[in-house]
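Participant: This is the structure I want to talk about, given as structure tokens.
The values are calculated or read from the model by the stated rules, or taken from the named source; none is laboratory data. Note that this is a predicted model, so its numbers are computed, not measured. Backbone-built Cβ (ideal geometry, glycine too); neighbour counts: all protein chains shown.
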Amino acid sequence: MQVTMRSENHVGYVTLSNPPVNAIGQVLRMGLLEAVRWAERGRLDRVIVSGAGGIFAAGADAKEFDAAPQEPHLPEVLNAIDESFVPWIAAIEGVALGGGAEIAMACRMRIMAPGARIGLPEVTLGVIPGAGCTARLPRLVGLQKAVEMITTGKPIGAQAACSVGLVHTVEDDPIEAAFLVNSEALGCIVPTWEYHAPAHDADLFRMARENLQAKMPGQEAPVRALEVIEAGLALPFHAALAYERRVFLELKTGSQSKALRHLFFAQRAAKAPAHLKGAALEVLHAAVVGGGTMGAGIAYALLSSGLQVTILEADAAGLKRAEDNIGKIIEASLTRGMIDAARAADLRSRLTLSTQYSQAATAQLAIEAAFEDMAVKQEILGKLDAVLSADAVLATNTSYLDINEMAAPLMDPTRVIGLHFFAPAHIMKLLEIVQGAQSSDRAIATGYALAKRLGKVPVRAGVCDGFIGNRILARYREAADTVFMDGSTPWEVDDAMVEFGYAMGPYEAQDLSGLDIAYANRQRQAPTRDPNRRYIPIADRMIELGKLGRKTSAGWYRYPGGGGKVEDPIVADLAIEEAHFSGITRTDYSSQEMRQRLVLAMINEAADILDAGIAQSAGDIDLVTVFGYGFPRWRGGLMHYADSLGVETIVAQLEILAQEDPIAWKVSPLLSRCADAGQSLAEARPMR
Ligand code: 3H9
């Protein structure tokens, strides 16, 4: 029974009960329809509908979206509520999202608890609301607000919902308040479907379309939602619903919705494996070594999660820099209204900065975020090892280095893990948890618990150069540099990847992070690099020219006066020169060819990473590429995208490229095995 009903003194109490989030599947829909008939049979004075477990409803059950829809459909159920002679009141606690919000909108009245949220996140799952919202919401809150809520998918709080007219009142106990509503007053409220639709506003739709084009390029659902809202204004209510339903069903079976659902569930599946349950150390105090940009971001994230934080620095100058860096983040959060002055004071009160490692003695977790140098990091871990208690976890934020080598000199290398944050660390959602050969269950479990506390998406990675994300990134850049040298420009490559859906291409992104980081990395790798592998020297020439990226106002692009990017002919000439020195006849790549090369290079590398057990699953690689590296979310992540192309097709395309360069384009054995077995990457069996 997913809907329970009871009546007392002619008041019906209907409770949605499908833990944990009261997702609306077929059984719940049947129960709700039965509740409408039950209330009518009993000629009840009103029905108060609420959700069990402190949550109204999270929307349609997205697990049902792969199958054909089963009756009764939600629009019919909600029409039955809206048109019933028994008035329904929604008593909303927790969240009312998607179909949950639509249930509430079909009720005669809505009452919300102060902390509750209501919203239409359908577009984040690649669909539009499909149970009447595009017709009901504009009638309730007006066009502007309805367009904003439906196309952004962002939920709003109770007070905001009340002030725009979406809910009638905000009450501590919405069920009790619904019981107390005067029957006569309730009888005077017109059913939502009888409200007049707002007048069409051509300017509003034009601006909304331009806004979506700029902010959500490539995404179908928000634009389709806009189309449906607009068309609905000219249609009778039920015809508008039918149109909405048609578009909802069309999008539900489309590739973007599949991709976004895949990510939604992959994100939720990214949690500590069952065998680590109860193994995590409770962390109350964390130390961060190094207060540079990354260290300060990590410290801010830790402070925001309520921890006591000590930043350790080498000297007074380092302390000053760390203090400035964290101060800047706090100020920026204040300016953006993300925190208020009291919260800023609270964060500052839990922060200590020191050059004395003894200040961190009570920390249960230390994260080193120092310079990317093995000796420096080993020394830091050694010092932490000496002052922190024996069970404390020592983490390194290294992006590339071998954590087994780093942990080796310690008395207890089992306490070491990698916690690879992404810049800016207080904003980016991804956290790679790097498991060394000897990392203990407790250390790994503590990493997962920290990710949960910080609201990050944890992905476990094994040890290799660059782990999951940076190893794929290195191959992506190598492929980009090859395309550049052999017949393109950084801006053409960037444009090709922006067209694919990245917010920025590889060259603009590297200008932001700085070309010197990748250079230091290439220097480190030089002694072990395969001498037969083609090496593209252009990035090294950039270092010689002092073009390090935005920080020097010149990198792959120029940034005159520190402003916007400008194409730099000198950079384009470097490729022509280097190609000439190497005897290469440059070709003209179409943007489709550039994109294909860069994406195939990443897929091939990722397949090797999966095969070697560095990543646990294709889904984990999807999370890394989307939440750490800007792979377009609506393509579902790198491996989901690869599966949508088909592994056989990918292998065939790689084999063609391998004729050009058999080393760089050597087909991953995992891809070949999958192609032979007709398996997708999601089903792949790694060698390990
Ligand atoms: C829609 O409504 C279309 C309609 O307009 C039209 C219909 C005709 N379905 O996130 P959590 C599961 S589209 C199935 O970890 P939290 C989730 O997988 C829908 N399952 O908890 C997880 O399972 P597990 C529009 C769902 O407290 C468990 O619930 N609605 C759904 O951090 C707990 O979730 C949305 O897009 C679902 N819809 O956050 C809302 N939702 O434990 C999506 C959750 O097995 N949901 N689950 O891993 C959310 O935003 C968050 O889950 C919520 C709770 C805020 C509700």
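Participant: Restricting attention to region 84-94, and to residues there that are farther than 13 Å from V167 by Cα and among the hydrophobic types (A, V, I, L, M, F, W, C), which single residue is surrounded by the fewest Cβ atoms within 10 Å (Cβ to Cβ)?
Facilitator: This residue is F85.
Participant: Right, something else. Is it fair to say R477 is of a type in the set (D, E, K, R) and not assigned by TED's automatic domain parsing to the domain that holds I621?
Facilitator: When the stated conditions are applied, R477 does not pass them.
Participant: Let me ask something else. Within region 536-575, work out how many residues are among the aliphatic types (A, V, I, L, M), more than 18 Å from D494 (Cα to Cα) and assigned to a helix (DSSP H, G or I).
Facilitator: The total comes to 1.
Participant: Would you confirm whether any residue within region 70-79 is more than 16 Å from the ligand (Cβ to nearest atom) and exposed (fewer than 15 other Cβ atoms within 10 Å of the Cβ)?
Facilitator: No, that holds for no residue.
Participant: Right, V21: touching a strand residue (DSSP E or B) at 6+ places or on another chain (Cβ under 9 Å), within 11 Å of the ligand (Cβ to nearest atom), aliphatic (A, V, I, L, M) and not in a strand (DSSP E or B) or not?
Facilitator: Spelling it out, V21 is indeed touching a strand residue (DSSP E or B) at 6+ places or on another chain (Cβ under 9 Å), within 11 Å of the ligand (Cβ to nearest atom), aliphatic (A, V, I, L, M) and not in a strand (DSSP E or B).
Participant: Here's a follow-up. Give the number of residues within region 488-501 that are surrounded by fewer than 22 Cβ atoms within 10 Å (Cβ to Cβ) and touching a helix residue (DSSP H, G or I) at 6+ places or on another chain (Cβ under 8 Å).
Facilitator: Selection size over region 488-501: 7.
Participant: I would also like to ask the following. Scan region 631-660 for residues that are in contact with a Gly (Cβ under 9 Å, 6 or more places away or on another chain) and surrounded by fewer than 19 Cβ atoms within 10 Å (Cβ to Cβ) and jot them down.
Facilitator: Those that are in contact with a Gly (Cβ under 9 Å, 6 or more places away or on another chain) and surrounded by fewer than 19 Cβ atoms within 10 Å (Cβ to Cβ): S644, E648.
Participant: Could you tell me which of the residues L384, L410 is more than 27 Å from the chain's Cα centre (by Cα) and in a helix (DSSP H, G or I)?
Facilitator: When all the criteria are applied, what remains is L384.
Participant: Looking at (1) surrounded by 13 or more Cβ atoms within 10 Å (Cβ to Cβ); (2) within 29 Å of W634 (Cα to Cα), which is the only condition A202 fails?
Facilitator: (1)
Participant: Looking at (1) crowded, with 16+ Cβ neighbours inside 10 Å; (2) over 16 Å from A480 (Cβ atoms), find the lone condition where A579 falls short.
Facilitator: Among (1) crowded, with 16+ Cβ neighbours inside 10 Å; (2) over 16 Å from A480 (Cβ atoms), the lone unmet condition for A579 is (2).
Participant: Sticking with this one: Looking at G546, G646, can you tell me which residue is at pLDDT 95 or above and closer than 30 Å to P686 by Cβ?
Facilitator: On the way: G546 fails: closer than 30 Å to P686 by Cβ.
Sole residue among the options that is at pLDDT 95 or above and closer than 30 Å to P686 by Cβ: G646.
Participant: Being surrounded by fewer than 20 Cβ atoms within 10 Å (Cβ to Cβ), small (G, A, S), within 15 Å of the ligand (Cβ to nearest atom) and outside the structural domain of A390 (by TED's automatic domain parsing): is that true of A242 here? Give the derivation first.
Facilitator: Numbers: surrounded by fewer than 20 Cβ atoms within 10 Å (Cβ to Cβ): yes; small (G, A, S): yes; within 15 Å of the ligand (Cβ to nearest atom): yes; outside the structural domain of A390 (by TED's automatic domain parsing): yes.
Yes.
Participant: Within region 89-107, does at least one residue satisfy the condition of being away from the ligand (no atom under 11 Å from the Cβ), in contact (Cβ under 8 Å) with a residue 12 or more places away in the chain and in contact with a Cys (Cβ under 9 Å, 6 or more places away or on another chain)?
Facilitator: Yes, region 89-107 contains a residue that is away from the ligand (no atom under 11 Å from the Cβ), in contact (Cβ under 8 Å) with a residue 12 or more places away in the chain and in contact with a Cys (Cβ under 9 Å, 6 or more places away or on another chain).
Participant: Can you confirm whether region 173-184 contains a residue that is without any contact (Cβ under 8 Å) to a residue 60 or more places away in the chain, part of a helix (DSSP H, G or I), in contact with a Ser or Thr (Cβ under 6 Å, 6 or more places away or on another chain) and closer than 26 Å to S50 by Cβ?
Facilitator: no
Participant: Something else: Here are the criteria: (1) within 28 Å of the chain's Cα centre (by Cα); (2) surrounded by fewer than 24 Cβ atoms within 10 Å (Cβ to Cβ); (3) β-branched (V, I, T). Tell me which single one T134 does not satisfy.
Facilitator: (2)
Participant: Right, here's the next one. Residues to consider are F205, F264; find the one that is within 16 Å of the ligand (Cβ to nearest atom), under 30 Å from F65 (Cβ atoms) and either among the aromatic types (F, W, Y) or not assigned by TED's automatic domain parsing to the domain that holds G628 (or both).
Facilitator: Result of the check over F205, F264: F264.
Participant: From the list E34, E64, which residue is free of Cβ contacts under 8 Å to residues at least 40 places away in the same chain and more than 11 Å from the ligand (Cβ to nearest atom)? It would help to see each step written out before you state the result.
Facilitator: Values: E64 fails: more than 11 Å from the ligand (Cβ to nearest atom).
On inspection, the qualifying residue turns out to be E34.
Participant: Does T15 satisfy the condition of being assigned to a strand (DSSP E or B), away from the ligand (no atom under 16 Å from the Cβ), surrounded by fewer than 21 Cβ atoms within 10 Å (Cβ to Cβ) and among the polar types (S, T, N, Q)?
Facilitator: So T15 fails the test.
Participant: Is it fair to say P20 is within 33 Å of the chain's Cα centre (by Cα), over 18 Å from V86 (Cβ atoms) and surrounded by fewer than 16 Cβ atoms within 10 Å (Cβ to Cβ)? Walk me through it before giving the result.
Facilitator: Numbers: within 33 Å of the chain's Cα centre (by Cα): yes; over 18 Å from V86 (Cβ atoms): yes; surrounded by fewer than 16 Cβ atoms within 10 Å (Cβ to Cβ): yes.
Yes, satisfied.
Participant: Using the structure shown, decide if Q219 is free of Cβ contacts under 8 Å to residues at least 60 places away in the same chain and within 30 Å of E250 (Cα to Cα).
Facilitator: When the stated conditions are applied, Q219 does not pass them.
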